[in-house]
Amino acid sequence: MKKKVLVGMSGGVDSSVAACLLLEQGYDVAGVTLHLYDNEDAGLSNTRTCCSLADVEDARSVARHLGIEHYVFNFGPEFRKEVIGRFAEGYRKGETPNPCIECNRYIKFGMMLERAKLLGYDYIATGHYAQTVYNEDTGRWLLKKAADTAKDQTYVLFPLSQEAIAHTLFPLGGLKKSEVRKIAEEHGFVNAAKPDSEDICFVPDGNYIGFLENVMGIKPEPGDFVDTSGHVLGKHGGIIRYTIGQRKGLGLSFDSPRYVLRKDAETNTVVLGSNQELFRDSCLVENVNLFFAEKLTQPIKAGVKIRYSQTEAPATLYPAQGGNVRVQFEEPQRAITPGQAAVFYSGDMVLGGGTIAKQDLEERSFTEPCQN
């Protein structure tokens, strides 16, 4: 009996080819497009986004072309709570969250998987560029980088649970993006030349501040710019307007360049300093999910990415209290940002990852493992 797969089809070329490949591999395939919000709810009008009617029609067109069923699941309320709400709250607290990670955690590999199970599907599948491996010795599923390292998306997939990864297929993991485009062209898909989406779906114009103010009702409150000694340097326009490492747009003049070092929501202050002061050699990572083990019990070497576009930096991972992980870098890293993900690698294998803790990034350097 054929295994049943429900493919998340966004209307883009990647998910379309994923459905095509699974069909050719002999699976019983159906497609689903997730309706996550209405444009009006995100303060948008006449804007093409991942939830636009045009994208639903593109996905439906490909499904019809392949001869498979196509559904639309409305996860709007859950998306607003778990993704948009957490995004807004993170900025309110002075963090810089990654909503794509929360969408994967709660929606795509959470709610979509649960709905698929209820409907009798064995697996879900997406067009993410990643691979999975089962370790028979440990009985655990592992996440591996995609063959196309330029498109690898494992950084945003670190929250996948063992349950989720065991029931997820990534058909594009072994392909190059150019090969995926070619397959779409050969099959005459309507979206074969469709460009990739690079913006946050509910903020397609990249204006996060406008979204937070106009849609989420977060009003920036002016406060003080201060130096690392607490001396007031001037007034800022609200902490949500600034990011760690920012230099331009501060509205102040100095004899030497100043950068945003930290944001303190409790005192409503933004700390400025030199570029050198942006470097830290350690950070605490919380809400950790590991693939190779339930938890970290002893120090291990790893490569650590602290932002999507960065290459891994050599580090040692130390167990910390509450299941957290202390990352000790071999070389100081610039602009370690609370709310962003730190993802751990060993070669092509993903060891796990978590969220960079805000309260930990203070004026100190860690040269010894934490003893908690």
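The values are calculated or read from the model by the stated rules, or taken from the named source; none is laboratory data. Everything numeric in this text was worked out from a predicted model, so none of it was measured. Here the Cβ positions follow ideal geometry from the backbone for every residue, glycine too, while neighbour counts run over all protein chains shown.
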Residue check for Arg334: modelled with pLDDT of 95 or more, touching a Lys or Arg at 6+ places or on another chain (Cβ under 9 Å), outside the structural domain of Pro159 (by TED's automatic domain parsing) and charged (D, E, K, R): yes
Subset of region 60-85 [β-branched (Val, Ile, Thr) and part of a loop (DSSP other than H, G, I, E, B)]: Ile68
Spans of strands (runs of 3 or more DSSP E) in region 86-154 with at least 2 residues in contact with a helix residue (DSSP H, G or I) (Cβ under 7 Å, 6 or more places away or on another chain) and surrounded by 21 or more Cβ atoms within 10 Å (Cβ to Cβ): 123-125
Subset of region 68-98 [within 22 Å of Val13 (Cβ to Cβ) and either in contact (Cβ under 8 Å) with a residue 40 or more places away in the chain or not assigned by TED's automatic domain parsing to the domain that holds Asp38 (or both)]: Ile68, His70, Tyr71, Val72, Phe73
Unmet requirement for Ile200, which otherwise passes all of (1) under 26 Å from Leu21 (Cα atoms); (2) surrounded by 16 or more Cβ atoms within 10 Å (Cβ to Cβ): (1)
Residue match in region 12-30 (condition: in a strand (DSSP E or B) and either buried (at least 24 other Cβ atoms within 10 Å of the Cβ) or hydroxyl-bearing (Ser, Thr, Tyr) (or both)): yes
Pairs where the first residue, in region 240-264, is without any contact (Cβ under 8 Å) to a residue 60 or more places away in the chain and the second is among the hydroxyl-bearing types (Ser, Thr, Tyr) and assigned to a loop (DSSP other than H, G, I, E, B), C-beta under 6 Å, 6+ apart: Val260/Tyr242
Which numbered condition Glu163 misses (of (1) in a loop (DSSP other than H, G, I, E, B); (2) surrounded by fewer than 17 Cβ atoms within 10 Å (Cβ to Cβ)): (1)
